[in-house]
Amino acid sequence: MQTVDLAIIGGGPAGMAAAIGAHEQGIEDIVILERENALGGILNQCIHNGFGLHAFKEELTGPEYAERYIRKVTELGIPVKLGTMVLDITPDKEITAVNPKGMLHIRAKAIILAMGCRERPRGALNIPGTRPVGIYTAGTAQKFVNLNGYLPGREVVILGSGDIGLIMARRMTLEGAEVKAVVELMPYSTGLKRNIVQCLDDYDIPLLLSHTVTEIIGRHRIEGVKVSAVDENQMPVPGSEQFISCDTLLLSVGLLPENELSMAADVSLSPVTGGAVVNERLETTTPGIFACGNVLHVHDLVDFVSEESMLAGRNAARYLQNPEPASRREIPIRSGQGVRYTVPSFMDPDTMDEVLTIRFRVNNVYRNCYICLYFDADRVYRRKARILTPGEMESVVLKKEMFTEHKGVSSITITAEEATNA
Amino acid sequence: MKTLTCINCPIGCLLTVSVDEHENQCIKGNLCKRGIVYAKAELTNPTRTVTSTVRLRNAAVSQLPVKTSSPIPKGTMRACMLALKYIEVSAPVAAGDVIIENVCGTDTDIIATRSMPAITDLHA
Ligand SMILES: Cc1cc2nc3c(=O)[nH]c(=O)nc-3n(C[C@H](O)[C@H](O)[C@H](O)COP(=O)(O)OP(=O)(O)OC[C@H]3O[C@@H](n4cnc5c(N)ncnc54)[C@H](O)[C@@H]3O)c2cc1C
Ligand code: SF4
């Protein structure tokens, strides 16, 4: 069996940044395992621009952003196995993979999970009606158009107003299709404002908020959908139904971390994010297995994926250099009022770096509120925010010095509170 | 009166633009100065970066992603897309290579955004 210090599963932006982070800390015996025939992950099909504004202060397209990291990985001489699909990981870090040359067994001293996420399929959605041809997830349509040059339809309805759906509304319009409507269940879009303006408003594509598809019609190929308004409990309003004819329905109803492998490795998953439960070093509940990028929690900006993943790489290096640190404290980081989840969900003030970024999402749209940080019942930090939306990841920074006055802290809580009662 | 959504931050102020009796433009609804700058640009000369693909031969995938090297006037986007429709490129290509010079007289080039080796190189 082949052995390696660090195996990285997935060669998207997360896997590449993790490899670079570990390499910078002196780890050279690395392998990146990627099932596609190219590095870059989902970025290869995201040909639109808007990547890298935070990391490079430039607007790059997905492939351009990926290429910066591909070049770095190549320059550093980090070994990559393309066309290699990982099938299994055991808790003691034995990896089984397959590629055109056959089966591969690798024993790693540390593993970084960077498998990205997948789109929620329609099965999870329970729309009544038939199951005709012409229904795709937005990401699948994106792959067809941008990598294979094949337009999946001419008259399109999009369910869900996440960024991928918005981006595809514009893309299909520019390629000559007619996008009849984007239908969103919630009273707000989870997509970026900029995408609503530049992908929908620019082309006069209607965005139907508080609406949903209530029936799919068509025998072989989809012929149309019924769309209804919904009330505040997200139940269809009787009598509001309208028929929209279409030959294609795109689903953009959210992403789920791809964690089958993590489960095989005994990694505990968070029921909220669908990703691994990690401490401040991005280490999962299985020692020596780390997670970063979209497999950990769904990110909207790749810049933060890269940042988080560099950290995972550095921490994996630290683990390899000292696999059994002194006893660890695990202080839980709780999602308080208004907060849906935090990453990490545990931390240790003794082993943390000088600063630790905690990323989180809120569970609703909040205007004029405070982001607060509590050590037990004491508020140690707060910051005003004009608007918080579930679609945009937020962060607060923990500083080591905050703990000097709170040595015995037993839990940390993050909240989003209306300004009036703060 | 016209309305616009400012895209410079997640607040997304709804900007209303009206013209007063002295023919002066009056922009309201912005919470900060960037909203005014944005509305003025959108009203006088809205521009967008076009990203698309062109056909690619001799490579592992059949499409090469491309973009305009800088934003072009919104009104020229359709013509630009049409110009891309019949282009075919052969690998190898490097990101940044000019695919069409001065597309539709916009003084902007269409450039490749991904490097693609030729299939023959891959097997070498
Ligand atoms: C359609 C779409 C549009 C987006 N638009 C934007 C945008 O405009 N701006 C922005 O900043 N961000 C955008 N993002 C977000 C950004 O692209 C992602 O956050 C980022 O790509 C996540 O990186 P990752 O490495 O975690 O995952 P991925 O890019 O998905 O990479 C995961 C990699 O792991 C590989 N893999 C998975 N399982 C296995 C296995 N078992 N064995 C081997 N390899 C495996 C996959 O093949 C893939 O290459 C978008 C995301 C999507 C999906
Ligand atoms: S005007 Fe200012 S505050 Fe309002 S959306 Fe634009 S940038 Fe944000």
Item to check | Flag if B:Ser69 is among the small types (Gly, Ala, Ser), within 30 Å of A:Leu43 (Cβ to Cβ) and within 16 Å of ligand 1 (Cβ to nearest atom) | outcome: no
Checklist outcome for this item: Of (1) in contact with a Ser or Thr (Cβ under 7 Å, 6 or more places away or on another chain); (2) assigned to a loop (DSSP other than H, G, I, E, B); (3) open to solvent by less than 50 Å² (accessible area, probe 1.4 Å), A:Thr351 fails just (1)
Next on the checklist: Residues that are among the β-branched types (Val, Ile, Thr) and within 14 Å of another protein chain (Cβ to nearest Cβ): does segment A:170-184 have at least one?
Outcome noted: yes
Checklist entry - Looking at segment A:282-302, is at least one residue buried (at least 17 other Cβ atoms within 10 Å of the Cβ), free of Cβ contacts under 8 Å to residues at least 24 places away in the same chain and not aromatic (Phe, Trp, Tyr)? => result yes
Checklist outcome for this item: Filter segment A:275-297 for residues that are small (Gly, Ala, Ser) and out of contact with any His (no Cβ under 8 Å at 6 or more places or on another chain); the one that is nearest to A:Tyr341 (Cα to Cα) is A:Ala276
Checklist entry - Name the strands (runs of 3 or more DSSP E) wholly within segment A:1-112 that hold at least 1 residues that are within 12 Å of ligand 1 (Cβ to nearest atom) and surrounded by fewer than 24 Cβ atoms within 10 Å (Cβ to Cβ)? => result A:30-33, A:49-51, A:85-89, A:94-99
Checklist entry - Does segment A:97-112 contain any residue that is of a type outside the set (Val, Ile, Thr), closer than 17 Å to A:Glu178 by Cα and within 14 Å of chain B (Cβ to nearest Cβ)? => result no
Checklist entry - If we scan segment A:320-334, do we find a residue that is over 27 Å from A:Asp92 (Cα atoms), open to solvent by less than 40 Å² (accessible area, probe 1.4 Å) and under 21 Å from the mean Cα position of the chain (by Cα)? => result yes
Checklist entry - Looking at segment A:185-201, is at least one residue away from ligand 2 (no atom under 16 Å from the Cβ), open to solvent by 10 Å² or more (accessible area, probe 1.4 Å) and acidic (Asp, Glu)? => result no
Item to check | Those residues of segment A:237-268 which are without any contact (Cβ under 8 Å) to a residue 40 or more places away in the chain and open to solvent by 60 Å² or more (accessible area, probe 1.4 Å), in sequence order | outcome: A:Pro238, A:Gly239, A:Glu241, A:Gln242, A:Phe243, A:Glu260, A:Met263
Item to check | Which listed residue, of B:Ala83, B:Ala95, B:Ala59, is part of a loop (DSSP other than H, G, I, E, B), touching a helix residue (DSSP H, G or I) at 6+ places or on another chain (Cβ under 9 Å), open to solvent by less than 50 Å² (accessible area, probe 1.4 Å) and more than 9 Å from chain A (Cβ to nearest Cβ) | outcome: B:Ala59
Checklist entry - Do you know which residues across segment A:363-388 are assigned to a strand (DSSP E or B) and either more than 19 Å from A:Ser411 (Cα to Cα) or within 16 Å of ligand 1 (Cβ to nearest atom) (or both)? => result A:Tyr366, A:Arg367, A:Asn368, A:Cys369, A:Tyr370, A:Arg383, A:Lys384, A:Ala385, A:Arg386, A:Ile387, A:Leu388
Item to check | Meets criteria (closer than 18 Å to A:Ile47 by Cα, touching a strand residue (DSSP E or B) at 6+ places or on another chain (Cβ under 7 Å), within 14 Å of another protein chain (Cβ to nearest Cβ) and open to solvent by 10 Å² or more (accessible area, probe 1.4 Å)) for A:Gly149 | outcome: yes
Next on the checklist: Being surrounded by 17 or more Cβ atoms within 10 Å (Cβ to Cβ) and either facing another protein chain (nearest Cβ under 9 Å) or assigned to a strand (DSSP E or B) (or both) is the filter here; which residues of segment B:12-41 pass it?
Outcome noted: B:Gly12, B:Leu15, B:Val17, B:Ile27
Next on the checklist: Would you confirm, using the coordinates I've provided, whether B:Lys2 is open to solvent by 20 Å² or more (accessible area, probe 1.4 Å), in contact (Cβ under 8 Å) with a residue 12 or more places away in the chain and within 16 Å of ligand 1 (Cβ to nearest atom)?
Outcome noted: no
Next on the checklist: On the basis of being more than 10 Å from every other protein chain (Cβ to nearest Cβ) and within 30 Å of A:Asn146 (Cα to Cα), does B:Asn45 make the cut?
Outcome noted: yes
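The values are calculated or read from the model by the stated rules, or taken from the named source; none is laboratory data. The shown structure was predicted, so the numbers you read here are calculated from the model rather than taken from an experiment. Positions of Cβ are generated from backbone atoms using ideal geometry, with glycine treated the same way; all protein chains shown enter the neighbour counts. For the accessible areas, the whole protein counts, side chains as well, though only heavy atoms, and no ligand, DNA or RNA atoms are used. Shrake-Rupley method; radii C 1.70, N 1.55, O 1.52, S 1.80 Å.
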